[in-house]
Structures are given as C-alpha cells and as structure tokens.
C-alpha cells in the first residue's frame, strides 16, 4: 500500500472527527431514528418493530428548524425496518459508553462510522491497485477522492448505517475485480455469498450491486475460465446457499412480523411515513430542481439536506467532474495494463479484456443510479449518498479517468499532453480555493483561483514534460492535498457556522 494512502487515511480521520465534534447531536440525516435502533438492541436485546407513530412529519420539521436544540427524540423510530447489522455492531459501543453523558455517547457512536469510513479509504486504494497495478498514483487519487468527498466525510461522522453499507459495497466490488484479475479461487462462492448475505442485512441500497457482481462471476467462470454451465450453476447455487445461511433468518423474522409478502417491510414503511413528500404530490419539486439537488448532494449538502455548499464550490467541483468526463474515453481506449505490476504479489494478466473490470465498475455505478431513480419515482429523495455503496468504484474510475488525461492530446504534442496531465492538480487547487473563499474575507476568489491553477499547471506540466520519475506521484499528491484542504475548509466555512 502506498505511504500516501496512510497519510490520506490519517487526514480523513482528523477531518471526520472535526465534523463529528462540530455538528450537534441529531443534525445528520435520520440520526435520531438510527440512534434509537442502536439503543433498542443495546438496552433490550431485541430488534425493533416498525409501528404506526414512528414517523411524525410535523415534529421532525419543528426539530429540524430548531436544529434539535433540547430535543426529545425518543419517539423517532421510523428506521426500525432497516436491516440490523450496523446497529448490532454499534450496540457494544453504546453499552461501553453508558457512563458517558448523552452528547459523548453520540460521539462514540459516530466514531464507529469514522472507523468504517477509514476502512473504505483503504479498500478503495486496494481496488484501484487491482484495476491499475503498478500505479500508486491512481490508488492515491482514488483514496483521496473518497476520503475528502465532503458528503462522504460528513456522513462518515454520523450515526447512520451508510458507512457500513458503503464498506460492504466496496468489498463486493473488490471481490469481483479480484476474481476477474486473478481468477476466482475455490472459496470464491463462499466469499461472494457471504458478502451478499451481509449486504442483505445491512441496507437495501446495496442490493443494486448484486446483479452486477453475479454477472461478473458468471462471465469469468463460463467465458474466461471455460467452466461448463452445470458447474457454473452449481457454484451459483452455493452462492445462494451461503447468502441464505447468512441472511435468511432476517427475512423469516420479517415475514412472521410484517407478512410473507412484505419481507423488506417496505409496505409497512410506506404506511407509516404518512406526510413524507412523494413524487406525485403537487408540492413536489420539478424534475430539473430534483436533479440539481441530487448532483449538488453528491459533493455535499449538510444537515438534513438543508445546508448547501457555496455556489463557487459547486462550480469548482463541476470543473473536476468535467475532467473526469474528458478523460473517460481515453481510459476506455487505453485501459490499465495488468502486466505493468512490478511485484510478484501483483495480479496476473487478465484472462480476458483489460476493460472488463472497468465495465464492472461502470455497471455498478449505473445500477446504483437506476435504483436511486426508481426510488425517486415514489418518494422525493434527491440524495446522491444512496449511490455511495459504489463509492469505491466511483473513486477508482475518477482516478483512472483523470490520470488518463495525458493521453487525450496526440503523441506528437508532448507539451499539450503534459499540460493535460497537470489539469487534475489544477482543478483540485481550484476546488481548495473555492471552498476557502468565505475564510478570506474580501479577497477575490476568482482571481486567486485562476492564478493558482495556472501556477500548478505550469509546475506539474514541466515535471510531466521532462518525464521525471516522481512526476505522477507529485501531481497526484497535489491533487489530493487540494481535495483535503477543500474538505477541511468546508468544515470551517459551512458546517461549523451553520450550527452556531
């Protein structure tokens, strides 16, 4: 693992801890309901049941407007239908912190999410190294993008099951890409079935990854490893058996409580959340507004989706997104070569196309987007965090796309290629300055951002043009440093002032 990834993880812990300490209790999405779920398991040793009265729209609006000052949240239990794994993992922390004041107990539980988010940073780096072996610069940018994505950092400092679902989603992608790169070992059906089973008892947002993972497994076993269909079917049956062993009890319990035609308790949920804004309501925002909110919430909207970032911050992040779009065709035209791996522990070359892992990651992100769109057909939920079970894949694709920018320019124009390669570092510098603009008083952020970006382009472009061996890592380090500073600046300029 590159040393830079450890530094990224350390910085992530510090910034996430800053969010955890600075944001008052209950001011993260659905935090009271998640806390009460943990408390039910810890204090009574039972799983909660979703009942009428668990959702009170008017009460929630009053509490959100007051930022939950002196709030009694005991009656907020509308997350009781959620799968139980995260809450079972958090319950021992709740019990261990029982002697602490409530505010410190919440901090302890937020620490669970910070730890899970840190594990996601490392898993993202590992996934990027599998897709692009021998490219520590790609792993560094992938880990840094995930670590310092403001919305992820904010949610990783909350009492919420998102952090565990993101981690298990990353584990599924890592297992699949490992199989595509190295071939699935004999124990692969056990691992894949176990991960799918854990995902089933973590959060329903992860479910969209299952078809992608199983399709990749079948592709490798049938078309790359040349296994006959009966063998592949037996292995899939084994995957299903392990999945059922891990998660079947949860669905049996739900069937007994909510009915065998409501194993996910979604019908009960729809009956309980009376007053939650639905897409068919006349008061629902227009489609364009919902798409804009979803896009902005990918980068960051704090609180209960009520505290946006500065407009210049969104503009700067959009510049980074445009670089990803620009680099994507070059990435697909020149995918990472697995034979570039320098060590004996590196993956063997693909049995098939080097593009297959990229297609799997793209497919995972697309599947999550389709699931989010389907959810929004009924409820107004313009929250891009529901894509984050595929965040490790998103981070890896972002890193691969921006590091492919040098291949956009023709080879006969080496200076242009070097300047294109320096663009990600310049964009990250732009993001850092835009996020810092409220901290600098009357200094014109546009002028400063332009000057800094040009300086970075010049400096990194020179190192790329001269082909210094450390040029790639230097550019990646500058990019990640810019993203880290932006995340920290948004904590200081947006999150902390919002809750004073």
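Does residue 433 count as surrounded by fewer than 22 Cβ atoms within 10 Å (Cβ to Cβ), at pLDDT 75 or above and either under 25 Å from the mean Cα position of the chain (by Cα) or at positive phi (or both)?
On the way: surrounded by fewer than 22 Cβ atoms within 10 Å (Cβ to Cβ): no; at pLDDT 75 or above: yes; either under 25 Å from the mean Cα position of the chain (by Cα) or at positive phi (or both): yes.
So residue 433 does not fit the description; no.
Taking the criterion of being in contact (Cβ under 8 Å) with a residue 12 or more places away in the chain, within 19 Å of residue 171 (Cβ to Cβ) and surrounded by fewer than 22 Cβ atoms within 10 Å (Cβ to Cβ), would at least one residue in the range 89-103 satisfy it?
Yes - at least one qualifying residue is present in the range 89-103.
Where residues in the range 222-267 are assigned to a loop (DSSP other than H, G, I, E, B) and free of Cβ contacts under 8 Å to residues at least 12 places away in the same chain, which of them is surrounded by the fewest Cβ atoms within 10 Å (Cβ to Cβ)?
Within the range 222-267, the first condition is being assigned to a loop (DSSP other than H, G, I, E, B), and the residues that meet it are 225-228, 259-265.
Going one step further and asking which of them are free of Cβ contacts under 8 Å to residues at least 12 places away in the same chain, we end up with 226-228, 259-262.
Working: 226: 9, 227: 17, 228: 10, 259: 12, 260: 10, 261: 7, 262: 17.
Filtering first and then ranking leaves 261.
Quick one: is residue 83 within 25 Å of the chain's Cα centre (by Cα), more than 30 Å from residue 139 (Cβ to Cβ) and surrounded by fewer than 18 Cβ atoms within 10 Å (Cβ to Cβ)?
Values: within 25 Å of the chain's Cα centre (by Cα): yes; more than 30 Å from residue 139 (Cβ to Cβ): yes; surrounded by fewer than 18 Cβ atoms within 10 Å (Cβ to Cβ): no.
Considered against the rule, which asks whether it is within 25 Å of the chain's Cα centre (by Cα), more than 30 Å from residue 139 (Cβ to Cβ) and surrounded by fewer than 18 Cβ atoms within 10 Å (Cβ to Cβ), residue 83 comes out as no.
With respect to residue 424, is the statement that it is buried (at least 23 other Cβ atoms within 10 Å of the Cβ), farther than 24 Å from residue 23 by Cβ and modelled with pLDDT under 90 true? Before the answer, list the steps.
Numbers: buried (at least 23 other Cβ atoms within 10 Å of the Cβ): yes; farther than 24 Å from residue 23 by Cβ: yes; modelled with pLDDT under 90: yes.
In short, yes.
Has the range 12-23 got at least one residue that is touching a helix residue (DSSP H, G or I) at 6+ places or on another chain (Cβ under 9 Å), surrounded by fewer than 23 Cβ atoms within 10 Å (Cβ to Cβ), more than 26 Å from residue 64 (Cβ to Cβ) and modelled with pLDDT of 95 or more?
Scanning the range 12-23, I find at least one residue that is touching a helix residue (DSSP H, G or I) at 6+ places or on another chain (Cβ under 9 Å), surrounded by fewer than 23 Cβ atoms within 10 Å (Cβ to Cβ), more than 26 Å from residue 64 (Cβ to Cβ) and modelled with pLDDT of 95 or more, so the answer is yes.
Please enumerate the residues belonging to the range 364-392 that are in contact (Cβ under 8 Å) with a residue 24 or more places away in the chain and farther than 25 Å from residue 116 by Cβ.
Of the residues in the range 364-392, the ones in contact (Cβ under 8 Å) with a residue 24 or more places away in the chain are 364-365, 367-368, 370-372, 376-380, 382-392.
Correct list: 370, 376, 377, 378, 379, 380.
Can you name the helices (runs of 4 or more DSSP H) wholly within the range 104-194 that have at least 3 residues being farther than 25 Å from residue 491 by Cα and either in contact with a strand residue (DSSP E or B) (Cβ under 9 Å, 6 or more places away or on another chain) or at pLDDT below 95 (or both)? Lay out the reasoning, then the answer.
Values: elements: 136-147, 150-155, 162-182.
Helices (runs of 4 or more DSSP H) meeting the threshold: 136-147, 162-182.
So, of the residues in the range 337-382 that are out of contact with any strand residue (DSSP E or B) (no Cβ under 8 Å at 6 or more places or on another chain), in a loop (DSSP other than H, G, I, E, B) and at pLDDT 85 or above, which turns out to be surrounded by the fewest Cβ atoms within 10 Å (Cβ to Cβ)? Let's see the steps before the verdict.
Keep residues of the range 337-382 that are out of contact with any strand residue (DSSP E or B) (no Cβ under 8 Å at 6 or more places or on another chain), which gives 337-377, 381-382.
When the remaining residues are screened for being in a loop (DSSP other than H, G, I, E, B), the result is 337, 341-355, 377, 381-382.
Among the residues that remain, those that are also at pLDDT 85 or above are: 355, 377, 381-382.
Working: 355: 15, 377: 9, 381: 17, 382: 20.
Top of the filtered list is 377.
Can residue 330 be described as out of contact with any strand residue (DSSP E or B) (no Cβ under 6 Å at 6 or more places or on another chain), at pLDDT 85 or above and buried (at least 18 other Cβ atoms within 10 Å of the Cβ)? First the steps, then the outcome.
Values: out of contact with any strand residue (DSSP E or B) (no Cβ under 6 Å at 6 or more places or on another chain): yes; at pLDDT 85 or above: yes; buried (at least 18 other Cβ atoms within 10 Å of the Cβ): yes.
When the stated conditions are applied, residue 330 passes them.
Can you name the condition, by its number, that residue 311 falls short on among (1) crowded, with 19+ Cβ neighbours inside 10 Å; (2) under 23 Å from residue 479 (Cα atoms)?
Status for residue 311: all satisfied but (1).
What are the residue pairs meeting all of these: first residue in the range 13-28, first residue closer than 15 Å to residue 105 by Cα, second residue in a loop (DSSP other than H, G, I, E, B) and at pLDDT 95 or above, Cβ atoms under 6 Å, and 6 or more apart or on different chains?
If the second residue must be in a loop (DSSP other than H, G, I, E, B) and at pLDDT 95 or above, the pairs left are 20/157.
The values are calculated or read from the model by the stated rules, or taken from the named source; none is laboratory data. Note that this is a predicted model, so its numbers are computed, not measured. Ideal geometry is used to build each Cβ from the backbone, glycine not excepted, and the neighbour counts take in all protein chains shown.
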